Amino acid sequence: MPNPNLTGPKGQLYAEPKPSPDENAFQVNNNSEQYYQSPYYKLHKSQVQPIPPARNGVPAYLTLSDFIPKPLTDAIKQAGKITFHAVGDTGAAKSGPHQSAAVSIADEAAVADAMSNEVQDGGPDGPAFFFHLGDVIYNFGEAQYYYDQFYEPFRAYDRPIFAIPGNHDGMVFGQGSSAPQVPTLDAFLTNFCAASPGPSPDAGAIVRSVMTQPAVYFTLDAPFVSVIGLYSNVMDTGGGIISSQGGHFPLVNDQLDFLKAELARLKPERTAGKRAIIIVVHHPPLSVDAKTGGSAGLMQDIDACCKAAGQWPDAVLSGHAHLYQRFTRTVNGRDVPYVTSGSGGFAATVPQHTAPPAGTVIGDHTLEVDPIVKFGYLTLTTDAKTLTISFKTAPRGGPVLQLDSVTLDLVKGKITSGAVGVQPGHPKPPKHPKPPKPPKHPKPVKPPKKKH
Ligand SMILES: [Fe+2]
């Protein structure tokens with residue numbers, strides 16, 4: 001019997017033929033919190049880790065049509081638009097000593113199942129891929145947790161999943177102080193940056209193929225959109241880092257040349273209105289969350305590359321902060337949404353008590369909505385002329401609800417709608433009570449006197 005699910009043009013497999021019910025216990029008990037006390041981590045936690053170079057001779061970008069069958073690519077082109085998912089911080093480790101494994105698993109499963117259902121229900125018009133915004137595996141990106149935190153939760157997601165690493169994917173530990181027990185990003189490279197597709201050594205019996213990304217930073221070219229993914233290193237607090245920031249960090253392999261080159265490569269098609277450009281980076285450049293509070297150095301690096309290339313992104317997506325937040329930044333007279341959705345299932349975190357209310361303008365950016373501290377995910381749709389970014393919450397045991405959405409006119413560079421609140425399909429309660437029903441046999445009513 002042929003597999004009814006998607007098979008990529010290079011034999012890639014995605015969803016299970018018959019996905020099992022959600023699990024309620026880990027296959028491998030997650031005890032990696034203990035490594036925060038290891039000598040290597042304690043000594044090196046404030047230091048950047050080396051970035052693995054790209055595989056030799058591989059271009060810095062991937063093409064979506066190498067991952068989905070031609071009829072699906074043709075259907076997207078025919079429709080004239082593409083839809084895809086993005087979210088970070090999906091790992092289902094226990095977020096504290098008092099949280100049960102069953103709750104951790106259920107929090108991630110609620111998000112992953114809602115995303116999988118959206119793919120299933122959408123068919124050729126539904127999401128074409130999922131771009132993970134980092135922190136796939138808690139707490140130290142270990143290979144042995146890929147089954148419980150990635151392959152099993154997304155076993156029914158019948159589309160390719162691309163990813164940039166988050167700090168937890170690159171963090172390392174060790175019982176000595178001079179070298180980590182396992183090199184940084186070791187398991188991430190195995191599962192996302194393999195030389196060829198095939199089964200993962202970390203997936204158990206699950207069929208999803210490993211991905212063939214050229215490096216931990218790369219671009220995905222899809223019809224109507226390119227997603228440039230940056231790797232912002234391993235700091236838990238203190239912000240993301242993609243360069244030495246003027247010699248402050250001993251980073252040999254920075255991503256500035258990559259970002260400038262990719263923006264310049266994509267500029268002609270962006271100028272022609274044929275594709276949108278989205279930058280994704282795990283640490284949010286802008287944030288009001290309690291832990292990170294944004295990354296000024298990262299923002300400056302990205303800005304410098306955009307200025308050098310003469311090309312700015314249409315939107316910037318991040319994870320890391322375990323909530324949803326949306327800013328609009330004004331750059332050269334254009335509105336650019338900066339959206340954080342680190343809401344994939346791990347440790348929802350409230351924002352700072354000092355967080356300003358929605359509508360507050362800070363320099364060149366505005367906080368558009370009060371941060372939403374609920375698990376959920378982003379769905380994006382673009383035809384290269386407009387871009388819509390929606391946030392849906394998928395709580396454990398609750399309904400999937402769209403809580404925010406913004407639409408951008410990419411030609412004018414202006415937000416055309418940014419509704420807050422529950423969207424059509426899940427109508428808001430009426431603001432005013434319904435008028436009382438008229439009597440069955442109304443008496444004739446005198447016309448009211450005019451007021452002046
Ligand atoms: Fe993170």
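None of the figures in this text is laboratory data; all of them are computed from the coordinates on show. On a predicted model such as this, the values are computed, not experimentally measured, just so you know. All Cβ positions, even for glycine, are placed from backbone atoms using ideal geometry, and neighbour counts span all protein chains on display.
Tell me the label-point distance for the pair ASP121, ASP257, using the 7 Å Cα-to-Cβ offset, in nm and rounded to one decimal.
Going by the 7 Å Cα→Cβ label model, 4.7 nm.
Note down the Stokes-Einstein diffusion coefficient of the stretch 217-337 in µm²/s, whole number, using a Kirkwood radius over alpha carbon pairs, 20 °C, and 1.002 mPa s. Let's see the in-between values first.
Details: Rh = 14.7 Å.
After rounding, the answer is 146 µm²/s.
Let me know the volume per residue of the alpha-carbon convex hull for the stretch 1-80, in Å³.
On the way: hull volume 19.5 nm³, N = 80.
Each residue corresponds to 243 Å³ of Cα convex hull volume.
Using only Cα atoms and rounding to the nearest 10 degrees, what angle (0 to 90) does helix 101-122 make with the longest principal axis of the chain?
70
For the Cα atoms of the chain, what angle does the longest principal axis make with the long axis of helix 70-79, in degrees from 0 to 90, nearest 10?
30
So, with +1 on the Cβ of K and R and -1 on the Cβ of D and E, and no other charges, what is the size of the charge dipole of the stretch 232-373 about its Cα centre, to the nearest 20 debye? Walk me through the numbers before you get to the answer.
Values: 11 positive and 13 negative charges, 81 e Å.
Rounded to the nearest 20 debye, it is 380 debye.
With unit charges on the beta carbon (Lys/Arg positive, Asp/Glu negative), name the residue among VAL182, THR386, VAL87 whose Cα is farthest towards the positive pole of the charge dipole of the chain.
About the Cα centre, the residue reaching furthest to the positive side is THR386.
What is the Cα convex hull volume of the chain when expressed per residue in Å³?
Numbers: hull volume 93.4 nm³, N = 452.
So the per-residue Cα hull volume is 207 Å³.
Can you give me the long-range amide H partners of GLY198? Hydrogens built in the peptide plane at 1.01 Å from N, cutoff under 5 Å, separation of 5 or more residues or another chain.
Amide H neighbours of GLY198, under 5 Å, 5+ apart: VAL210.
Treating the beta-carbon of each Lys and Arg as +1 and of each Asp and Glu as -1, no other charges, what is the dipole magnitude of the stretch 97-170 about its Cα centre, to the nearest 20 debye? It would help to have the intermediate numbers written out before the result.
Numbers: 2 positive and 12 negative charges, 23 e Å.
Dipole size: approximately 120 debye.
By DSSP, what percent of the beta bridges with both residues in the chain are antiparallel, rounded to the nearest 5?
Working: 47 of 68 bridges.
So the antiparallel bridges in the chain amount to around 70 percent.
Could you give the size of the charge dipole of the chain about its Cα centre, using +1 on the Cβ of each K and R and -1 on the Cβ of each D and E, expressed in debye and rounded to the nearest 20? The partial results should precede the final answer.
Numbers: 39 positive and 38 negative charges, 556 e Å.
Using Cβ point charges on Lys, Arg, Asp and Glu, the chain gives about 2660 debye.
Could you work out the local net charge near HIS248, counting Lys and Arg as +1, Asp and Glu as -1, over the other residues with Cβ closer than 15 Å to its Cβ? If you can, show how the numbers build up before the last one.
Working: positive: none; negative: ASP254, ASP301.
Net charge around HIS248: -2.
Given a Förster distance of 51 angstrom, what is the FRET efficiency for THR63 paired with SER177, based on the Cβ-Cβ distance and rounded to 0.05?
On the way: r = 44 Å, r/R0 = 0.85.
That gives a FRET efficiency of 0.70.
Can you give the helix-only mean residue ellipticity at 222 nm for the chain, where every DSSP H stretch with n ≥ 4 adds -39500 (n - 2.57) and the sum goes over all residues, rounded to the nearest 500 deg cm²/dmol? Show your work: numbers first, answer last.
Working: 7 runs with 79 residues, N = 452.
Result for the chain, helices only: -5500 deg cm²/dmol.
For the residue pair HIS248 and ALA296, what label-to-label distance in nm results when each label sits 7 Å from Cα along the Cα-to-beta-carbon direction?
Inter-label distance under the simple model: 0.8 nm.
Net charge near PRO59, counting Lys/Arg +1 and Asp/Glu -1 over other residues with Cβ under 11 Å of its Cβ? Walk me through the numbers before you get to the answer.
Details: positive: ARG55, ARG265; negative: ASP221, GLU262.
Combined, the nearby Lys, Arg, Asp and Glu give 0.
Among the listed pairs LYS260/LYS385; LYS77/LYS385; LYS45/LYS260; LYS18/LYS81; LYS70/LYS412, which are separated by more than 21 Å between their Cα atoms? Could you put the intermediate results ahead of the total?
Working: LYS260/LYS385 23 Å; LYS77/LYS385 14 Å; LYS45/LYS260 29 Å; LYS18/LYS81 30 Å; LYS70/LYS412 33 Å.
From LYS260/LYS385; LYS77/LYS385; LYS45/LYS260; LYS18/LYS81; LYS70/LYS412, over 21 Å: LYS260/LYS385; LYS45/LYS260; LYS18/LYS81; LYS70/LYS412.
Could you pull out the trypsin sites (Lys or Arg not before Pro) across the stretch 248-339 that fall in loop regions by DSSP (anything but H, G, I, E, B) with no more than 11 other Cβ atoms inside 10 Å? Intermediate values should be presented prior to the final figure.
Values: sites: LYS260, ARG265, ARG270, LYS274, ARG275, LYS291, LYS307, ARG326, ARG329, ARG334; in loops: LYS274, ARG275, LYS291.
The qualifying sites: there are none.
For a quick check: with amide H placed at 1.01 Å from N, whose amide H comes under 5 Å from ILE415's, ignoring anything fewer than 5 positions away on the same chain?
ASP335, ASP409
In the chain, with Lys and Arg counted as +1 and Asp and Glu as -1 at Cβ, which of these residues, SER38, GLN27, GLY134, has the Cα nearest the positive end of the dipole, that is, farthest along it?
Comparing the listed Cα positions along the dipole, GLY134 ranks first.
What's the Cα-based Rg to Rh of the stretch 306-353, Rh via Kirkwood? Write down the numbers at each step before the final one.
Details: Rg = 13.4 Å, Rh = 12.2 Å.
With Rh from the inverse mean 1/r over Cα pairs, Rg/Rh is 1.10.
Stokes-Einstein diffusion coefficient for the stretch 160-284 at 10 °C in a medium of 1.306 mPa s, Rh from the Kirkwood formula over Cα pairs: what value in µm²/s?
98
State, as an integer percentage, the relative contact order of the chain based on alpha-carbon contacts under 8 Å between residues 6 or more apart. Intermediate values should be presented prior to the final figure.
On the way: 1074 pairs, mean separation 72.9, N = 452.
Normalised by residue count, the contact order of the chain is 16 percent.
Label 7 Å along Cα→Cβ of THR7; the stretch 43-69 residues with amide nitrogen under 13 Å?
So the set is 69.
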